[in-house]
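The values are calculated or read from the model by the stated rules, or taken from the named source; none is laboratory data. Since the structure is predicted, the reported quantities are computational estimates derived from the model, not experimental observations. Cβ sites come from the backbone with ideal geometry, for glycine too, and all protein chains shown count toward neighbours. The protein model used for the area step is the full one, side chains on, heavy atoms only, and it has no ligands, DNA or RNA in it. Shrake-Rupley method; radii C 1.70, N 1.55, O 1.52, S 1.80 Å.
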Amino acid sequence: MVMDRINLAVALVGLIATVASTYFGYLGVRHVIRRRRTDDPVAEPADHQPAGQDTYDVFVSYADAEADAARRLAEGLRAADTSVFLVRWVEPGLIPLLETERALTGAALGVLLFGRGAMAEPRIRDEYAAILERAYEGDFRFVPAQIERAEQVGLPRFAAIRRPVDLSEPGTARYDEEIARLAAIAHRRPPDDGRPR
């Protein structure tokens, strides 16, 4: 009877150790598994960084209506050797809200695309608030990006006090200059001196 209980206890300890080692083993290789999946049409394109990474140079916040403008911006930044997070690149099986939080926490620069309907979406209002909070912590810069002419789209109060970039004319030299400015800002991570950016 005592031996049966000892054998049962040893078996349970072995089972718990196996489950724990499998879980921690998965955590150690999950980034490799995510990068291999490029055959899924919803997944991020192969030439972009995987959405499961922990840090990015630029976090791009955009409303659903501005998805094409966000993709153009991300492609331009990638051409300048800048890692970019777009929520549309979150792979199947991952939780978009958690991946968004992870990307925003590790990014050096937050760009929020302002079009006509940007602030009407609750998700964008939440991301705007989180971006402002990160900017006031001092280790993150927030740049508002107008994707329509300034007279067509007004910026919210705390975005309006910052110098925006004009992304309203894709394919022009001005657009390319703005992309280059954003990439330069992202590559020089601000010092953590406690000042708002």
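Summary table below
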read-out: Total residues in the stretch 142-161, condition part of a loop (DSSP other than H, G, I, E, B) and either aromatic (F, W, Y) or more than 21 Å from the chain's Cα centre (by Cα) (or both); value: 10
read-out: Tally, over the stretch 63-97, of residues that are over 19 Å from G171 (Cβ atoms), not polar (S, T, N, Q) and not in a strand (DSSP E or B); value: 16
read-out: Residues located in the stretch 105-119, provided they are more than 14 Å from L77 (Cβ to Cβ) and either of a type in the set (S, T, N, Q) or assigned to a loop (DSSP other than H, G, I, E, B) (or both); value: T105, G115, R116, G117
read-out: Set D126, D139: member being part of a helix (DSSP H, G or I) and surrounded by fewer than 17 Cβ atoms within 10 Å (Cβ to Cβ); value: D126
read-out: Condition check for E66: charged (D, E, K, R) and touching a strand residue (DSSP E or B) at 6+ places or on another chain (Cβ under 6 Å); value: yes
read-out: Selection within the stretch 78-123 - of a type outside the set (G, A, S), under 28 Å from A160 (Cβ atoms) and surrounded by fewer than 20 Cβ atoms within 10 Å (Cβ to Cβ); value: R88, L97, E101, L104, T105, R116, M119, E121, P122, R123
read-out: The lone exception for P45 - which of (1) modelled with pLDDT under 90; (2) within 26 Å of P164 (Cβ to Cβ); (3) open to solvent by less than 60 Å² (accessible area, probe 1.4 Å); (4) more than 13 Å from the chain's Cα centre (by Cα) it fails; value: (2)
read-out: Index of the failed condition, E133 passing every other in (1) open to solvent by 60 Å² or more (accessible area, probe 1.4 Å); (2) within 18 Å of F85 (Cα to Cα); (3) acidic (D, E); value: (2)
